[in-house]
Amino acid sequence: MSAECVFCKIINRELDADIVYDDEKTVAFKDINPAAPVHILVVPRKHIPTLLDMEKDDEGLIGHLHSVANEIAKAFKIDKKGYRIVLNCGADAGQIVFHLHLHLLGGRPLLQTIAKGRGV
Ligand code: AMP
Ligand code: ZN
């Protein structure tokens, strides 16, 4: 937990968000500035700033985030047509919130470019 972190505040219910999934390791909520009809952030409860900060012990957690993304994709009915998972790591990737998260994007055809959350 980091006192200044916006996603930690959402996880701790100090800040409102449209939470769509919640378990002992993970919270997922709608992106406040969606880049696609479905744009959900899948976030570990553990405060890990970037992918580079993950430890060997976090491998299971990172896998779990992907399983959760699959379940949310099914719940939002974007599983059959397809969806994109984006993980921005660091400044050049455009990471703006330094609490590791997956973007789950779908609900329309996404451009076939190297994409980050925004420019899909
Ligand atoms: P990035 O760090 O670039 O991978 O993306 C961070 C994402 O968090 C952006 O797409 C923002 O729109 C989103 N975001 C920032 N603050 C909030 C918030 N309070 N609730 C929901 N989404 C947020
Ligand atoms: Zn955090």
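Throughout, read-outs are computed from the coordinates displayed, never taken from laboratory work. Just so it is clear, the structure is predicted and the values come from calculations on it, not from any experiment. Methodologically, a virtual Cβ is constructed for each residue, glycine included, from the backbone with ideal geometry; neighbour enumeration extends over all protein chains shown.
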* Cα to Cα, under 18 Å, and not fewer than 8 places away if on the same chain: which aspartates and glutamates meet these conditions relative to K30? -> E14, D16, D18, D22, E71, D79
* Asked: Under the rule that a partner needs its Cβ under 4.7 Å from the first Cβ, which Cys of the chain have none?
  -> C89
* Asked: Angle between the Cα long axis of helix 59-75 and the longest principal axis of the chain, 0 to 90 degrees, nearest 10?
  -> 40 degrees
* To do: Just the number, please: Stokes-Einstein D of the chain in µm²/s, Kirkwood Rh from C-alpha pairs, 4 °C, 1.567 mPa s.
  => 89 µm²/s
* **Over the chain: helical MRE at 222 nm, DSSP H runs n ≥ 4 each giving -39500 (n - 2.57), nearest 500** => -6000 deg cm²/dmol
* Name the residues whose placed amide hydrogens come within less than 5 Å of the amide hydrogen of I48, ignoring near sequence neighbours (fewer than 5 apart) on the same chain. => L100
